[in-house]
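Asker: The following block contains the structure, expressed as structure tokens.
The values are calculated or read from the model by the stated rules, or taken from the named source; none is laboratory data. Note that the structure is predicted; figures quoted are calculated from it, not measured. When we count neighbours, we look across all protein chains shown, and the Cβ atoms used for this are built from the backbone with ideal geometry, even at glycine.
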């Protein structure tokens, strides 16, 4: 119901962030708006006059700060001693206003009561839809008659914002339900397993939780149905590297010198794992050296394909490789660029430009740039953009592309500009042409053995002129003619090598695996990767590759040894598929909750019944992987099961045949203050030996 003042409607716009609210107000008012302070100092009020739903309106535009509500258990269930962990699968949950955001709720209460229409301008993805649902529920709670609409847009430009206002829709309740379902599942599953493993491990290994870097802020060992498969990828690759057994191989190499230029010919058989066989082939070649000749010289056109339009995963992986940024960092910067109206929405799974998108407009805006403007101009002077489209579309957002030309000094942030430049160069590259060249392949025979050499001449660099992130270099090769005999100056020998292990995962590799196996979404990959690092379950080495910590490794391997694939992608991927079906209206939230909770509760009960075995596995894995122990402030590796404050005696061994610890008698009496040796294993550990010796006896 519209509230009217002299025939003018009163309308409330709510965006996801203050920067977006300001940009929307600026576009729709053509800069003619007034700003007022809101009840929340971070969420201003922008007021202007306009037209909404065909009616002259006074518009108040404000924002939230992302999610305003959080889902949690009722207070009594948050007390760890109140209920057993298994009850958390059914305990009541509800949504609460997040601490620090009461002012945002009060602001919505104030303005919803004064306005008859609400238009939601949150980001057009699952989280944005759910945040829109929070806004709608909050406003309707304080004004049950308020009319609620949804504006859908993928960029903050005059055209997109005006088009969204002219084509208002309703919130998608299916998407809202999917996010609520995921939130509830993550809460219940995460809380239950976290309590189970924390309570048990804390009792059995109290030192680990007291001193572990993983628990300085929170005295728990967390579990998450997304973070655990993410950690599982890290551990699996580490195990593959650790268990890799190198093999020796042998292959023939051939070099020919002509006009003082040495050309290497590659043996067509490649590498073999039998030295005897390769030596036999070498003998045959040397016996037929005089017959060596060029049997063919072929020239074929070669091309290097320009990139497909940029989606979120492409942006993250490219920035990780080129800019050495974390995925979380690049997405934070991309969000800011989007909110300022500099790029389209950065959370997208689409690699196909919509037919109605006028790419020429956005290319022309880059002509003014001193570094890549000439390339943009060249695209327009050679028939305009000819993008190479990919194969994916999320039906919601276009690929990521620049909306305006931005000078470096306008951003006043070098990292933000580097992300912007990456997006611009990628956009121009995919709108241009492939790089082209000619490959020459020379085939030589020595007896029956075949060797080949190749060279490349790049004739048109194409997109590579603007895209320094791909390498394709010319390789000069000596000229030969078919039938040419080359026995003179020809050398053939044996090269011996060993196979190398796969590399540990970098962040780009990890995102690729998460995408491949359906762990999280393009919008949440960075968040899950950040979580396993914050929990100290893994860290980056000097080459920015992931190495599991002793605790992270032990958790994953302990569940694996029990036979439960909690660190494998199958369970979470199945959950993600169910969430997609809720979005499509093919499953209900209630059905998915029941199905998924049944699956995880069954595993939980089995783990709970074998918790002592789990603890044994955990202890063994921590002890057997001392190379993964955290280093203390002196750079010394510290066993997470052992108190770092204990002084150890290498000369005095306990009954476990390990260095004993030096303790001080604290009990009042004649021995108070005296030092003694005892087992270094935790006092509460059931496997602690009963060794005792006064230090003065040594």
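Asker: Quickly run through the range 510-521 and pick out the residues that are at negative phi, touching a residue at least 12 places away in the same chain (Cβ under 8 Å) and over 8 Å from the mean Cα position of the chain (by Cα).
Answerer: Listed by number, the residues that qualify are 512, 513, 515, 517, 519, 521.
Asker: Same structure, new question: Can you pull out every residue in the range 256-272 that is loosely packed, with under 15 Cβ neighbours inside 10 Å, in contact (Cβ under 8 Å) with a residue 60 or more places away in the chain and on the phi < 0 side of the Ramachandran plot?
Answerer: Correct list: 257, 261, 264, 268, 269.
Asker: Being outside the structural domain of residue 159 (by TED's automatic domain parsing), under 14 Å from the mean Cα position of the chain (by Cα) and modelled with pLDDT of 95 or more is true for just one of 329, 365. Which residue is that?
Answerer: Testing whether each residue is outside the structural domain of residue 159 (by TED's automatic domain parsing), under 14 Å from the mean Cα position of the chain (by Cα) and modelled with pLDDT of 95 or more leaves just 329.
Asker: Here's another thing I want to ask about it. If you check every pair at least six apart or on different chains, which have Cβ atoms under 7 Å apart with a residue in the range 75-101 that is exposed (fewer than 14 other Cβ atoms within 10 Å of the Cβ) first and a residue that is in a loop (DSSP other than H, G, I, E, B) second?
Answerer: Going by the 7 Å Cβ cut-off, the qualifying pairs are 76/82; 92/74; 94/74.
Asker: Here's another thing I want to ask about it. What number goes with the only condition from (1) over 30 Å from residue 195 (Cα atoms); (2) assigned by TED's automatic domain parsing to the domain that holds residue 191 that residue 288 does not pass?
Answerer: With respect to (1) over 30 Å from residue 195 (Cα atoms); (2) assigned by TED's automatic domain parsing to the domain that holds residue 191, residue 288 is out only on (2).
Asker: Could you pull out the residue among 415, 349 that is farther than 24 Å from residue 128 by Cβ and surrounded by fewer than 21 Cβ atoms within 10 Å (Cβ to Cβ)?
Answerer: Matching residue, one of 415, 349: 415.
Asker: Considering 55, 35, which residue is free of Cβ contacts under 8 Å to residues at least 60 places away in the same chain and out of contact with any helix residue (DSSP H, G or I) (no Cβ under 9 Å at 6 or more places or on another chain)?
Answerer: None of the other options fit; the residue is 55.
Asker: Within the range 569-582, can one find any residue that is out of contact with any strand residue (DSSP E or B) (no Cβ under 7 Å at 6 or more places or on another chain), surrounded by 19 or more Cβ atoms within 10 Å (Cβ to Cβ), in the same structural domain as residue 193 (by TED's automatic domain parsing) and more than 25 Å from residue 128 (Cβ to Cβ)?
Answerer: yes
Asker: Among the residues in the range 79-93, are any farther than 28 Å from residue 189 by Cβ and out of contact with any helix residue (DSSP H, G or I) (no Cβ under 8 Å at 6 or more places or on another chain)?
Answerer: no
Asker: I've got another one for you. Just to be sure I understand, how many residues within the range 544-563 are surrounded by fewer than 18 Cβ atoms within 10 Å (Cβ to Cβ) and either touching a residue at least 24 places away in the same chain (Cβ under 8 Å) or out of contact with any helix residue (DSSP H, G or I) (no Cβ under 9 Å at 6 or more places or on another chain) (or both)?
Answerer: Residues flagged as surrounded by fewer than 18 Cβ atoms within 10 Å (Cβ to Cβ) and either touching a residue at least 24 places away in the same chain (Cβ under 8 Å) or out of contact with any helix residue (DSSP H, G or I) (no Cβ under 9 Å at 6 or more places or on another chain) (or both) within the range 544-563 amount to 3.
Asker: Okay, next question. From the list 504, 464, 490, 456, exactly one residue is touching a strand residue (DSSP E or B) at 6+ places or on another chain (Cβ under 7 Å) and closer than 30 Å to residue 229 by Cβ. Which is it?
Answerer: None of the others qualify; the one that does is 504.
Asker: Every residue in the range 384-412 that is surrounded by 21 or more Cβ atoms within 10 Å (Cβ to Cβ) and on the phi > 0 side of the Ramachandran plot, please.
Answerer: Once the filter is applied, which keeps residues that are surrounded by 21 or more Cβ atoms within 10 Å (Cβ to Cβ) and on the phi > 0 side of the Ramachandran plot, the range 384-412 yields nothing.
Asker: Then there is this: Give me the residue from the range 221-267 that is in a loop (DSSP other than H, G, I, E, B) and farther than 30 Å from residue 547 by Cα and, out of that set, nearest to the chain's Cα centre (by Cα).
Answerer: 260
Asker: Something else about it: Listed residues 609, 673, 635, 669; which is surrounded by fewer than 14 Cβ atoms within 10 Å (Cβ to Cβ), at pLDDT below 75 and farther than 30 Å from residue 177 by Cα?
Answerer: That would be 635, the only listed residue that is surrounded by fewer than 14 Cβ atoms within 10 Å (Cβ to Cβ), at pLDDT below 75 and farther than 30 Å from residue 177 by Cα.
Asker: Given 527, 507, 491, which one is in contact (Cβ under 8 Å) with a residue 12 or more places away in the chain, surrounded by fewer than 20 Cβ atoms within 10 Å (Cβ to Cβ) and within 8 Å of the chain's Cα centre (by Cα)?
Answerer: The match here is 527.
Asker: Find the residue count for the range 290-325, including only residues that are surrounded by 16 or more Cβ atoms within 10 Å (Cβ to Cβ), more than 49 Å from the chain's Cα centre (by Cα) and assigned to a helix (DSSP H, G or I).
Answerer: Total satisfying the criteria: 0.
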